[in-house]
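Below is one structure, written out as structure tokens, with a few remarks after it.
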Amino acid sequence: METLADLAAGFSVALTPTNLMFALLGTLLGTAIGVLPGLGPALTIALLLPITFKVDATGAVILFAGIYYGAMYGGSTTSILLNTPGESATIITSLEGHKMAKRGRAGAALATSAIGSFVAGTIGTIGITFLAPVVVELALKFGPAEYFCLMVLAFVTVSAVLGNSAVRGLTSLFVGIWLGFIGIDMQTGQPRFTFGLLELLDGINVIVVAVGLFAVGETLWLASRHAHGKDELLPLSGSLWMTRDEWKRSWKPWLRGTGLGFSIGALPAGGAEIPTFLSYYIERKLSKNPEEFGKGAIEGVAGPEAANNASAAGVLVPMLTLGLPTSATAAIMLSAFQSYGINPGPLLFETQATLVWGLIASLYIANVMLLVMNLPLVALWVKILAIPKPWLYAGILVFATIGTYGISQSVVDLLLLYAVGIAGYFMRRFDFPTAPVIIGMILGPLAEQELRRALTISQGDMTVFLTRPLSATLLALALLALVGPQLWKLLAKRS
């Protein structure tokens, strides 16, 4: 009952005219960005981070969450009509969705995607509502040793999941941790890694690094690949509604995909890629029409799209309750919280109850907005694909520059922005994931604090991390996540 009372209070916040406007703006912008190939919610939120210096925390977080949910909806349009996944999570959607479009059933593919996204997003938000308080109760029992080990687990799993190589992922992570350590050490008062530059004594603003990596770096990468051929946009043909048989074949994949997406997304090693691939595999095994897979099976669109959107809801659980971002977008949103001096974690639900429950309530509203917008306005979203790419890339760079300069009016920040952006381009070029940099930059200093607290309590005894059952279990899971995939490949190769 207490949870329902908190949710009701959240709706009183989310239903104010200002916050409704932010939710609508976020869903519109997120859907538009999702439709454009190559652009995603992480880039968009990074580009908008400078508004945190002018907009109140609740409104900004509602806007960013609307962009996140909207991009999950809009990404299917590009995959189905253009066969160009905007993000790795929509690769599976393109396998069957584009085949359906070639058969003249693009409307049905978009419909099952939109309705499945609504079902998954709503159930996932219900999951946040009732699961988050339970996780908070458990997290309040954590001490410094447990928190440090939990962050180690997050470092390892996120670096392994977000990159094709654990070595590359961990390299990106350590770069981020190093960036987070630049500045004055809060405990000793000594400058670290400042190289004698006064401008670095306050550290590097995480917003500058986020915008540099996800806006400047990503734009340079996309622009460099602009000349690599042109994809054919299929016309939006056929009815925009599903037949009775397609409804019958879609509702079970929606529910199965939702269960997979939310449960995996809520794990410290979460994300959207694993549940979408699993959903596709399961639907192919369970389908009564397996011969249609590879030729345009609607189950291959319904299940993965539901898993994709449910995982977005699941990712918010560890971010809000534990302060652990498990995706690039969650890492950018966490940096937005920190811009307001707010640290997500177990105490967030007590210290910022209005903000948290207002955010959760706004997710229900955003889901309804997205369903209403996506089906009737699908023809409008398709027209967005006609925007000339050079104009788009130039606009992103201009907004990134103006926004970054507006934060501190510092030329040094602009130089850092483009230095990080160029580094981000080369990271993409050589397949180094960029999200672990932000995660390391945010969580690195926090992990250092918890490490110091644990060692202070234990009077310098390093075995404190192994003698406490929970911390030892978390370290064992981190070790398994690091070496497990390599052992699995080795055993598979031998067999």
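The values are calculated or read from the model by the stated rules, or taken from the named source; none is laboratory data. Everything numeric in this text was worked out from a predicted model, so none of it was measured. As a convention, Cβ positions derive from the backbone with ideal geometry for all residues, glycine included, and neighbour counts pool all protein chains shown. These area figures cover heavy atoms from the full protein model, side chains too; ligands, DNA and RNA do not enter into them. Shrake-Rupley method; radii C 1.70, N 1.55, O 1.52, S 1.80 Å.
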**Message:** Looking only at the range 287-305, filter to residues that are in contact with a helix residue (DSSP H, G or I) (Cβ under 8 Å, 6 or more places away or on another chain) and part of a helix (DSSP H, G or I); which one of those is surrounded by the fewest Cβ atoms within 10 Å (Cβ to Cβ)?
**Reply:** P290
**Asked** Any residue in the range 21-36 that is under 15 Å from Y364 (Cβ atoms), hydrophobic (A, V, I, L, M, F, W, C), part of a helix (DSSP H, G or I) and open to solvent by 60 Å² or more (accessible area, probe 1.4 Å)?
**Response** yes
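For the range 330-347, enumerate the residues that are open to solvent by less than 10 Å² (accessible area, probe 1.4 Å) and among the polar types (S, T, N, Q). Please lay out each step first, then the result.
Our first condition is that a residue be open to solvent by less than 10 Å² (accessible area, probe 1.4 Å); within the range 330-347, this holds for 330-337, 345.
Passing the criteria: only S335.
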**Asked** When the range 13-56 is examined, which residues are found to be over 23 Å from the mean Cα position of the chain (by Cα) and either touching a residue at least 60 places away in the same chain (Cβ under 8 Å) or under 29 Å from N205 (Cβ atoms) (or both)?
**Response** V13, L15, T18, K54
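Do we find a residue being surrounded by fewer than 20 Cβ atoms within 10 Å (Cβ to Cβ), in a helix (DSSP H, G or I) and not acidic (D, E) anywhere in the range 179-196? So that I can check it myself, show each step before the final result.
Filtering the range 179-196 down to residues surrounded by fewer than 20 Cβ atoms within 10 Å (Cβ to Cβ) leaves 181-196.
Going one step further and asking which of them are in a helix (DSSP H, G or I), we end up with 181.
With not acidic (D, E) added as a condition, the list becomes 181.
Yes, there is a match, as at least one residue in the range 179-196 is surrounded by fewer than 20 Cβ atoms within 10 Å (Cβ to Cβ), in a helix (DSSP H, G or I) and not acidic (D, E).
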**Request:** Kindly provide the set of residues from the range 99-152 that are part of a helix (DSSP H, G or I), open to solvent by 30 Å² or more (accessible area, probe 1.4 Å) and either on the phi > 0 side of the Ramachandran plot or of a type in the set (D, E, K, R) (or both), ordered by number.
**Result:** K99, K102, E137
**Message:** Can you list residue pairs whose Cβ atoms sit under 8 Å apart, with the first residue in the range 306-335 being on the phi > 0 side of the Ramachandran plot and the second being open to solvent by 10 Å² or more (accessible area, probe 1.4 Å) and not acidic (D, E)? Count only pairs 6 or more apart in sequence or on different chains.
**Reply:** G323/N343; G323/P344; G323/L446
**Prompt:** Which one is nearest to E448 (Cα to Cα), of the residues in the range 158-183 that are modelled with pLDDT of 85 or more and of a type in the set (V, I, T)?
**Reply:** I177
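What is the residue count in the range 37-51 for residues that are part of a helix (DSSP H, G or I) and surrounded by fewer than 24 Cβ atoms within 10 Å (Cβ to Cβ)? Can you show your working first?
First, pick out the residues of the range 37-51 that are part of a helix (DSSP H, G or I): 41-51.
Going one step further and asking which of them are surrounded by fewer than 24 Cβ atoms within 10 Å (Cβ to Cβ), we end up with 48, 50-51.
Going through the range 37-51 one residue at a time, the tally reaches 3.
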